[in-house]
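A quick write-up on the structure given underneath.
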Amino acid sequence: MVYDIVLDPNPILHQRAAEVDPAGITGREMQKFFKDMVETMYVKDGVGLAAVQIGVSKQVCTIVKTHNALNRHEDLVLVNPRWEKLDRHEEWDEEGCLSVPGMFGKIKRYTKIKVQALDKQGQPLQFVAENFFAKIVQHECDHLQGHLYVEKAKDLHRAEQAKPDSKYPRE
Ligand code: NI
């Protein structure tokens, strides 16, 4: 099932999402929800998606396999994700967001972070993410804390719809 994308200024995008009870992760309902999120992410042409962007206040996000540096054969599902920086180095780069259609802007992100989450089977997952992968994780975790990149972006501008090979990916 493909969900509609919730657009700014919908209040759900500005609230912290609810933590997921680990006991329910392997249940049929959650598993279906993960599948629907991944399907929605592809249909809407995003490189990542947070559950709040489809109107569901749950700490779940997905990242497309082409940007999943952990395992390029699988779309990544992160439940209750947290991250911390491993390096003070930050980099400015262009970002877009499915919930703020047509806009792009520059934002500063850490280039190396440690991520902790539960995977789609409810198992603890810990990994280091760098560069673009790290930026997507930070963008999606911001969503789950109720923040949009436009709150701290500079050079916000309109642009044509992102193409699949665009240098302007949307998350
Ligand atoms: Ni976004």
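The values are calculated or read from the model by the stated rules, or taken from the named source; none is laboratory data. The model shown is predicted, which means the values in this text are computed figures rather than measured ones. For neighbour counting, all protein chains shown are included, and Cβ atoms are generated from backbone atoms with ideal geometry for every residue, glycine included. Keep in mind that these areas ignore ligands, DNA and RNA; they rest on the heavy atoms of the full protein, side chains included. Shrake-Rupley method; radii C 1.70, N 1.55, O 1.52, S 1.80 Å.
Beta carbons closer than 7 Å, at least 6 apart along the sequence or on distinct chains, pair a first residue in segment 135-159 that is closer than 27 Å to Leu118 by Cβ with a second that is modelled with pLDDT of 95 or more and of a type in the set (S, T, N, Q) for His143/Gln53; Leu144/Gln59; Gly146/Gln15; Leu148/Ser99. Just one of (1) out of contact with any Phe, Trp or Tyr (no Cβ under 8 Å at 6 or more places or on another chain); (2) farther than 15 Å from Tyr149 by Cα; (3) crowded, with 18+ Cβ neighbours inside 10 Å fails for Gly48. It is (2). Residues considered: Glu74, Glu84, Glu94. Of these, the only one that is in contact with a helix residue (DSSP H, G or I) (Cβ under 7 Å, 6 or more places away or on another chain) and open to solvent by 10 Å² or more (accessible area, probe 1.4 Å) is Glu74.
Conditions tested, residue by residue: (1) in a strand (DSSP E or B); (2) within 14 Å of the ligand (Cβ to nearest atom); (3) among the polar types (S, T, N, Q); (4) over 18 Å from His143 (Cβ atoms).
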position: Thr40; (1), (2), (3), (4): no, yes, yes, no
position: Val52; (1), (2), (3), (4): no, yes, no, no
position: His73; (1), (2), (3), (4): no, no, no, yes
position: Ile107; (1), (2), (3), (4): yes, yes, no, no
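Does Lys85 count as of a type in the set (Lys, Arg) and more than 20 Å from Val115 (Cβ to Cβ)? Spelling it out, it is not the case that Lys85 is of a type in the set (Lys, Arg) and more than 20 Å from Val115 (Cβ to Cβ). Within segment 4-29, the set of residues being in a helix (DSSP H, G or I) and either open to solvent by 50 Å² or more (accessible area, probe 1.4 Å) or without any contact (Cβ under 8 Å) to a residue 24 or more places away in the chain (or both) comprises Pro11, His14, Pro22, Ala23, Gly24, Arg28, Glu29.
To keep it simple, each residue is scored yes or no on (1) buried (at least 16 other Cβ atoms within 10 Å of the Cβ); (2) within 13 Å of the ligand (Cβ to nearest atom); (3) not in a strand (DSSP E or B).
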| site | (1), (2), (3) |
| --- | --- |
| Val2 | no, no, yes |
| Ala69 | yes, no, yes |
| Asn80 | yes, no, no |
| Gln116 | no, no, no |
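The number of residues in segment 121-154 being within 16 Å of the ligand (Cβ to nearest atom) and outside any helix (DSSP H, G or I) comes to 6.
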